[in-house]
Amino acid sequence: MAIDVQVLKERYINSCRRHCVLPNPAILSILFKAKVKKYCQEVCSLEISLDHLKDTDFPPLLDLCMELDDSEVEAVDICNKSLYVLDGKYALLLMRAINQKLRVVDLYDLSFGKNFSRDLSQRGLTCQVLNLRSSHFRKLNMMGEFMRIHTLNLDFSTKLTSFQEDCFTCMPNLKCLSLCETRISNLWTTIAVLSKLPSLVELRFQNWLGCNNVGPFSASSSGKPDDKTDSNLPNSVHYGGRPSMCVGEPTDYNSSIEEVLRNLFVVGNMGVNDDEQNMVEDSSDDSELDSPNPLQEHGSAGLLSNVFSGWNRQADPQNENQNEEESLQGTFTRHIGDIELKYISYHASPICFEKHYREYIIASLPHLRSLDNLPIGKIDQERARIKFSECFENLPYQRKHKENIVHMLQKREIRASQTHVQSPGQKSSNLYGKSQHFYTRSLCAAKMGSSAWPFLHPLSVSGSNLGGESRSFRPRQFEYHPSDSSLMVFGTLDGEVVVVNHENEKIVSYIPSSGAMNSVLGLCWLKKYPSKLIAGSDNGSLKLYDIHHTRSMVRGVYHSAGSVTFDEFDQLTSVHVNSTDELFLASGYSRDVSLYDISSGRRLQVFTDMHREHINVLKFANHSPSLFATSSFDKDVKMWDLRQKPIHPCYTSSSPRGNVMVCFSPDDHYLLVSAVDNKVRQLLAVDGRLHLNFEIASTGSSQNYTRSYYMNGRDYIISGSCDEHVVRICCAQTGRRLRDISLEGRGGSGSSMFVQSLRGDPFRVSFILTTGIQHEHLGNIYASKLEVNMLASSDYAKEHLDGQQPCPTNNMGG
């Protein structure tokens, strides 16, 4: 027979006597309320507030909780609101002692510390609902068993940036997930994790609230919505007094959002009761958290609504007629006939500002029924599918489905054997007639499709093997070797030029600063003479080095016997050698370009006033020794021909913003132009006509310098900006986005990263970038090199910054 509540009370009082403590009045009150519920034939539940407990109350309360399994108590809810509560380890022991009757855990995570969060995520809980407001998580890794949980709320976790690859694998019944006001920004890794949740139907990264005094979301006249809800509603959960998401589905998900809005207006005119009309609570107690969201400026700074899915009758914020400026400000307006309905976004996570965010998530999670409090119907799913196919690539090379790597290798071997035994006049069948190029691309697609987390590896190159000296480098510019896949050269902010084997991280050649060098901003290998390279610095120094004759040291002094010095080009930002290794060009903070002869070491000519503002980057064509392109902050890109004595350009193409850089595709068919703040375009090299506009969302910053390069031939491009923590990969043929690689959190605790420079590997589906790391509290900026292999899957490698020196930023150059 189940233990009566009255008996539980008596046993609790006896336990208090044994432990020499007074019974806690709050516990006695909880037991009394449970007895009343039982008498009224309601659910007999205990609602334990940790705010009213001290550490001395723990032993008798633990005894009580261990007896709940055999009692008539049907459910136990645990919550806290204050920062000063029971010790975290005691709280976990209580929750685990309650076992299967634990229903709701609603905690203010900052109260308990990091050890509490770590233990909870690794060992799990038996609760059905877990609400961790303001958690300590930076990279979520909930690996413990949460087999009964159906609702998880991590709102206001303002340090949370990403997920571990195996996060959520032990939550098969999770239906509702809320991640408002986090720092999550990457669509690809987020979807890779969420797609492992087979039961997920409701997802939230922001709250869309109506402000028309129509329907269930209208605020009260005071500006603060009321806080009323029925705690006994089925499948609903209280989060500290506020209503939560609900698993019920009264909304007709087959309807379009416009039809739902019409229903909303009808309901609004008929009048709604007070309980449904005011569903938002002032949560200003979270205002002391890090990284406040700028969207809080719209209305009350602490608004948070946990709205039942059955009341999700709002408009689609991603509607094609939506004004882009309104969207960025967190508002949108929808007209239904003569009626104007306005909605405001509260507590949006950065992922919400990704272009086509809503369509991407709906298309990627076909079982989802509600996103950001907005219902998802069949029409919405169809629109999302169309937009996804227009703007995104699920797999490289337009592959439709993931393929097994072993299976692809087997098919390639079968084809090779069939070709070997085939008679000379016999044609290849469709089954075995695939080219080697086809299998290479298929293997690439299979490897990339196996994980959304590429292998990120910091290149730890130090100078410890240079004559017994120990030094660290501050890289700024770098270039892959054009013919040796293992070599690359980088120039530092201290004027050094270092050639390394980036596969084994060994230094091949080291050229120290001669005293005249400053930051090295220009580097270019010669193609016919693979041991030689041109290096230019921002103080105008220009030298040609032979890496086979550079590293000699006599009595602690380095000698560079293989170097040639050219006439200086003041305030240099870019150098480039033509395809025959006869000439090179230099540009910088001026409107002029200098032409040099490599064999004689002389400056042949200075072309003046080629642009209206300074020329940031210039590039020779890869196959034509006389053609070159220039890009300037005057918004123009120009093509020039040395055979025509470049007084007038072959053509001029204008960008809407200042151009940071330009480069030719490997086959010279296209020009890739990168302008300020993610304005990236691909032009036809023959006449400058627009071929593709890579629609990357702008940040609104005039200092967000963007750089883009080709990767893996001209199949894909990579693009990164100095104000953002992400590198984007897009198809160079269609413009569709393949993947975003997040750098957020790579710099360690209290730091953020930005892209200084990047290059695509000419031999692999990978790239290397130099990054600056800005520490929030110290204000210093550090430089590091990061290699990203798209075909290898791994968790993030640990970032090592020991011994690195602070460095200034320089956003010019390629």
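The values are calculated or read from the model by the stated rules, or taken from the named source; none is laboratory data. Keep in mind it's a predicted model, so treat the numbers as computed, not measured. Note: ideal-geometry Cβ built from the backbone for every residue, glycine included; neighbour counts use all protein chains shown. With ligands, DNA and RNA removed, areas are computed over all heavy atoms of the protein, side chains included. Shrake-Rupley method; radii C 1.70, N 1.55, O 1.52, S 1.80 Å.
Mind checking which of GLN41, MET66, VAL76 is farthest towards the positive end of the stretch 1-87's charge dipole, using Cβ charges of +1 (Lys, Arg) and -1 (Asp, Glu) about the Cα centre?
The listed residue farthest towards the positive side: GLN41.
Return the long-range amide H neighbours of GLY588 (sequence gap of 5 or more, or a different chain), with a cut-off of under 5 Å between placed amide H atoms.
Residues meeting the criterion, in which the H sits 1.01 Å from N, are THR573, ILE615.
What does the charge count around LEU102 come to, taking other residues whose C-beta lies under 10 Å from its C-beta (Lys +1, Arg +1, Asp -1, Glu -1)? Don't jump to the answer; show the numbers that get you there.
On the way: positive: ARG96, LYS101, ARG103, ARG148; negative: ASP77.
In short, +3.
As an exercise, identify the trypsin sites (Lys or Arg not before Pro) in the stretch 22-111 lying in DSSP coil whose Cβ has no more than 14 other Cβ atoms within 10 Å. Walk me through the intermediate numbers first.
Numbers: sites: LYS33, LYS35, LYS37, LYS38, LYS54, LYS81, LYS89, ARG96, LYS101, ARG103; in loops: LYS54, LYS81.
Answer by residue number: LYS54.
Could you give the accessible area per residue of the stretch 5-204, probe 1.4 Å, as a whole number in Å²? The partial results should precede the final answer.
On the way: 7990 Å² over 200 residues.
It amounts to 40 Å² per residue over the stretch 5-204.
Excluding ASN539 itself, what net charge comes from residues whose Cβ is under 10 Å from its Cβ, given Lys and Arg +1 and Asp and Glu -1? All intermediate terms of the calculation are to be shown ahead of the outcome.
Numbers: positive: none; negative: ASP538, GLU568, ASP570.
Taking every other residue near ASN539 into account, the sum is -3.
What nm value, rounded to one decimal, do you get for the distance between ARG123 and GLN605 when each label is placed 7 Å out toward the C-beta?
Result: 7.8 nm between the two label points.
What is the sum of charges around PRO656, taking Lys and Arg as +1, Asp and Glu as -1, for the other residues whose C-beta is under 11 Å from the C-beta of PRO656?
Here the count lands on +3.
May I ask you to list the trypsin sites (Lys or Arg not before Pro) in the stretch 508-537 that are in a DSSP loop and have at most 16 other Cβ atoms within 10 Å of their Cβ? Please report the intermediate quantities before stating the final value.
Values: sites: LYS527, LYS528, LYS532; in loops: LYS527, LYS528.
The qualifying sites are LYS527, LYS528.
Could you tell me the calculated FRET efficiency between TYR589 and ILE647, based on Cβ-Cβ distance and R0 = 25 angstrom, to the nearest 0.05?
Numbers: r = 22 Å, r/R0 = 0.89.
Calculated value: 0.65.
Which loop-located chymotrypsin sites (Phe, Trp or Tyr not before Pro) does the stretch 91-153 contain, where loop means any DSSP state but H, G, I, E or B and the Cβ has at most 16 other Cβ atoms within 10 Å? Present the calculation step by step, with values, prior to reporting the outcome.
Numbers: sites: TYR108, PHE112, PHE116, PHE137, PHE146; in loops: PHE112, PHE137, PHE146.
Passing both the DSSP loop test and the Cβ count: no residue.
For the pairs LYS38/LYS89; LYS196/LYS387; LYS532/LYS679; LYS37/LYS101; LYS9/LYS101; LYS159/LYS196, note any where the Cα-Cα span goes beyond 26 Å.
Working: LYS38/LYS89 31 Å; LYS196/LYS387 23 Å; LYS532/LYS679 34 Å; LYS37/LYS101 16 Å; LYS9/LYS101 18 Å; LYS159/LYS196 23 Å.
LYS38/LYS89; LYS532/LYS679, as the Cα separations exceed 26 Å there.
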